[in-house]
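Participant: Below: one structure in structure tokens.
The values are calculated or read from the model by the stated rules, or taken from the named source; none is laboratory data. In this text the structure is predicted, and so the values were computed from the model without any measurement. Neighbour counts run over all protein chains shown; Cβ positions are idealised from the backbone, glycine included. Just the protein is used for accessible areas: all its heavy atoms, side chains included, with ligands, DNA and RNA removed. Shrake-Rupley method; radii C 1.70, N 1.55, O 1.52, S 1.80 Å.
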Amino acid sequence: MGDFITATLQKSGTIPITIPPGSPATLADKGTVQSTILTGAATYTLFRNQNAYVDGLVGARWVGMTATLNLALNGTADKLSDSSAMSTVDPIVGFKGRYRIADSSWYIPIYGDIGGGGGTTNMTWQGILGVGKTFEKWLDVSLVYRGLYYDMRGGSNNGLLQKTTFQGPQLSATFNF
């Protein structure tokens, strides 16, 4: 199985400052965080019947993150920019599966994994729970709530990613071959 996540988060604003000899001015700021997360795992079916299955999995998760801060003094050509990047790879173990609701094409997807110790990570985990529907036999569409957590070792990544949680709803499509 494979999973790919990418996210770009930005925040822009202005900061009022006073420049000597007491003239008010504004400093424009823009922060950007670009995250890419890749998970790959081999799976093995532990349990299967007509309404449910559970697969065990073992694999690895890679996370790469770049943070950029841009500052500009409004009304001047003065600008400052700084950027920091980090990445890590961690082994994971977990499970995935689904339970079919009342012999219908609707189902409850589940996923959970935990890992760490890949050099810069104390722990990482991920969990998914929601509802889905199978269309024909080749397409599954699901709406789930997903949480992904990273706890990094101090000093290992320039302070860019310490304890971080990505969470929220996810709409996905799975193509079955």
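Participant: In segment 107-145, how many are of a type outside the set (D, E, K, R) and either touching a Cys at 6+ places or on another chain (Cβ under 8 Å) or not in a strand (DSSP E or B) (or both)?
Facilitator: Selection size over segment 107-145: 6.
Participant: Condition first: loosely packed, with under 14 Cβ neighbours inside 10 Å and of a type outside the set (S, T, N, Q). Now tell me which residues in segment 46-68 satisfy that. Break it down stepwise before answering.
Facilitator: Just the residues of segment 46-68 that are loosely packed, with under 14 Cβ neighbours inside 10 Å, to begin with: 46-51.
Scanning segment 46-68 gives Leu46, Phe47, Arg48.
Participant: Working only within segment 74-106, note down all residues that are open to solvent by 60 Å² or more (accessible area, probe 1.4 Å), of a type in the set (A, V, I, L, M, F, W, C) and either closer than 30 Å to Thr26 by Cβ or in a strand (DSSP E or B) (or both).
Facilitator: Once the filter is applied, which keeps residues that are open to solvent by 60 Å² or more (accessible area, probe 1.4 Å), of a type in the set (A, V, I, L, M, F, W, C) and either closer than 30 Å to Thr26 by Cβ or in a strand (DSSP E or B) (or both), segment 74-106 yields Ala77, Leu80, Ala85, Val89, Val93, Phe95, Trp106.
Participant: Related question: If the requirement is being of a type in the set (Val, Ile, Thr) and either modelled with pLDDT under 80 or outside any strand (DSSP E or B) (or both), which of these qualifies: Thr32, Thr43, Thr39, Thr18?
Facilitator: Within the list Thr32, Thr43, Thr39, Thr18, the selection yields Thr18.
Participant: OK, next. If you scan segment 136-166, which residues turn out to be open to solvent by less than 90 Å² (accessible area, probe 1.4 Å) and modelled with pLDDT of 90 or more?
Facilitator: Answer for segment 136-166, where residues must be open to solvent by less than 90 Å² (accessible area, probe 1.4 Å) and modelled with pLDDT of 90 or more: Leu139, Asp140, Val141, Ser142, Val144, Arg146, Gly147, Leu148, Tyr149.
Participant: Mind listing whichever residues of segment 107-117 are over 19 Å from Asp55 (Cβ atoms) and either open to solvent by 60 Å² or more (accessible area, probe 1.4 Å) or more than 17 Å from the chain's Cα centre (by Cα) (or both)?
Facilitator: Kept after step one, since they are over 19 Å from Asp55 (Cβ atoms), are these residues of segment 107-117: 116-117.
If the condition is that a residue be over 19 Å from Asp55 (Cβ atoms) and either open to solvent by 60 Å² or more (accessible area, probe 1.4 Å) or more than 17 Å from the chain's Cα centre (by Cα) (or both), then Gly117 is the only one that fits.
Participant: Here's something else I'd like to know. Tyr111 versus (1) in contact (Cβ under 8 Å) with a residue 60 or more places away in the chain; (2) under 19 Å from Leu171 (Cβ atoms): which is the lone unmet condition?
Facilitator: (1)
Participant: How many of the residues in segment 122-135 are open to solvent by less than 50 Å² (accessible area, probe 1.4 Å), under 15 Å from the mean Cα position of the chain (by Cα) and in contact (Cβ under 8 Å) with a residue 24 or more places away in the chain?
Facilitator: The total comes to 3.
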